[in-house]
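Just below is one structure, and these are the notes that go with it.
Just so it is clear, none of the values below were taken in a lab; they were calculated from the coordinates. Nothing here was measured: the structure is a model prediction, and the numbers come from that model. Neighbour counts run over all protein chains shown; Cβ positions are idealised from the backbone, glycine included.
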Amino acid sequence: MSMATADQANPKHNIQGSRQAYYEKIKGYNLAPLWEVLRGLVTPEPKSQMQPALWKFAQVEKYMLEAGDVITAEEAERRVLVLENPGDPGKSKITNSLFAGIQLIMPGEIAEAHQHTASAIRFVLKGEGAYTAVEGEKSSMEHGDFIITANWAPHDHGNPGSEPVMWLDVLDMHIVNHFQASFANHFDEKMQNVNHEDGDSFERFATGVLPDGMPAVTNRSPVINYPYRKMKPILDRLKKTGDIDKRHGARVRYANPINGGPVLPTMGAHLALLPKGFKGEPYRSTDGTVFCVAEGSGVTVIDGQPFEWGGNDVFVAPPWKRYTHEVTGSGDAVLFSISDRPAQESLGIWREGQ
Ligand code: GTQ
Ligand code: FE2
C-alpha cells in the first residue's frame, strides 16, 4: 500500500493534510488560525520563561571592579553589569518587565546627565561619597538608600569621594519597550543644575506636612531619596509591636506621601525586616520580584529551589512561583524588594496567593 493510499484511507490524516494546506494558503494573506495557539496565549495560570536566580555580591563585586579597568564611566555612559535572567539570556531582563543591573562609579568619575521615558530606581549597596542628582536635588548615596528617578527626570551621578560606589539599578524599560514608546535625551551639560539641597524632597514632602496648595493628583512620589537611616527604625518599631506578616516579615511599602500610592506608576518597592529565626509561610504573586539583601543572611526557597543569601546579594522570584523566606544568620535580616506590581494593579490583573 502506498502512503497516498494510506492517507486517503485515514480521514484523520486527510483532515490534518487539508488543514496544513489551508494554513499555508491563509498565511500568504497574513492570517493565522487562533485555534492552534489559543491555549498558549490565554493560559489558565501565569506562564513564564524566567527562572529563579541569585547573584552573590562577592562575585559581582569582583567582576564589577574588573569592569572599572576595562571601561571608564564616561566611555560606558553608565558602567553597569546587567543581571540577566538565565531563563531568557541576551535580553537584558531580570523579569519579563524589568531590567536590573549593578552600577559602579569610581572615585573622580561622573556619569553624565540624561533623561529617558523609562523610570529607574536605585538601591545603594556599597561605598560612600557618591551622589545622584535627580530633578535638581543632589542626593548623597548611602547603603540601603532607595532613590527614584521618574519618567523623564534628568539625572546624573558622580563620585567625588575616595572609594568605588556600587548600587542596584532597576528600570521599567521593558514595559516602555513593550509599548515601543521609548525616548531618551542627553544634555549638553555633563551635570545638571542643582537647586535643592541633599534630602530636600524627603523633608519637604514626607514628614507629615505638604507645601500648601500642592496638587493631590500625582502618579509618582515627589520624594527622591528614601534614606535607609530613616526607614530602618520604622521596621524596628513594627518588630517591637509584633506587626510581622507571616510571609513577608515586618514590612513597609515605599509610598507616595501625597496620596499613599506607589512611588512610580510602573514599579513598587518594599523593605522588610525578617526577625532572627524567622521562617516565613509560602507566598506567590503575579509580579516577578527582585530582592536585594540589605542586612543579614538566610535562605529563600523559590519553586522548590533553595537560594542562600547574604549582604548585597540579589535574587529574583518569577511570577507565580511560590517562595518562602527563612533567616539563618545570627541576627535580623532586611530585604529590599521591587516589582511591577503597581503596573499590574492599575490594570486590574495583579493576583496573589499561597
Ligand atoms: O543610571 O541612568 O542601569 O539610564 C540603565 C540605564 C542605569 C542610569 C542603568 C540608565 C541608568
Ligand atoms: Fe538613566
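One table, with the values for the structure above:
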{"item": "Debye equation applied to the C-alpha atoms of segment 155-267, log10 I(q)/I(0) at 0.20 Å⁻¹", "result": "-1.39"}
{"item": "12 Å reach of a label modelled at GLU142, 7 Å along Cα-to-Cβ, counting backbone N of segment 165-197", "result": "none"}
{"item": "Reciprocal mean inverse distance between Cα atoms of segment 1-106 - Kirkwood radius, Å", "result": "19.0 Å"}
{"item": "Spherically averaged projected area of segment 120-174 from its Cα convex hull (nm²)", "result": "3.6 nm²"}
{"item": "Helix 57-70 axis, angle to the chain major axis (alpha carbon atoms, nearest 10°)", "result": "80 degrees"}
{"item": "Virtual spin-label span in nm between ASP198 and THR72, 7 Å along Cα→Cβ", "result": "2.6 nm"}
{"item": "Computed over the chain: relative contact order in percent, which uses C-alpha pairs under 8 Å that are six or more apart", "result": "15 percent"}
{"item": "Where GluC sites (Glu not before Pro) fall in DSSP loop in segment 19-103, at most 16 other Cβ within 10 Å", "result": "GLU77"}
{"item": "Approximate spin-label separation THR218-SER162, in nm, with each point projected 7 Å along Cα-to-Cβ", "result": "3.8 nm"}
{"item": "Net charge dipole size for the chain [Lys, Arg +1 and Asp, Glu -1 on Cβ; Debye, nearest 20]", "result": "1680 debye"}
{"item": "Cα-centre dipole for segment 29-130 with unit charges at Cβ (Lys and Arg positive, Asp and Glu negative), debye to 20", "result": "460 debye"}
{"item": "Reference-scaled alpha-carbon Rg (2.2 N^0.38 Å with N residues) for the chain", "result": "1.17"}
{"item": "The chain: angle of helix 228-240 to the longest principal axis, Cα-based, in degrees nearest 10", "result": "80 degrees"}
{"item": "Cα-based Rg / Dmax (Å) for segment 33-164", "result": "18.1, 62"}
{"item": "Dipole magnitude of segment 118-235 about its Cα centre (Cβ charges: Lys, Arg +1; Asp, Glu -1), debye to nearest 20", "result": "360 debye"}
{"item": "Using alpha carbons only: equivalent-ellipsoid semi-axes of segment 89-214, gyration tensor based, whole Å", "result": "23, 20, 15"}
{"item": "Kirkwood Rh in Å, taken over segment 295-354 so that all alpha-carbon pairs contribute", "result": "12.9 Å"}
{"item": "Förster radius 45 Å - calculated FRET efficiency between LYS25 and ARG322 (Cβ-Cβ, nearest 0.05)", "result": "0.50"}
{"item": "Label-to-label distance, nm, for residues given as TRP152 and ASP303 (7 Å Cα→Cβ offset)", "result": "3.8 nm"}
{"item": "Fewest-first sequence of PHE205, PHE187 by Cβ atoms within 10 Å of each Cβ", "result": "PHE187, PHE205"}
{"item": "Principal-axis tilt of helix 11-27 within the chain, Cα atoms, nearest 10 degrees", "result": "50 degrees"}
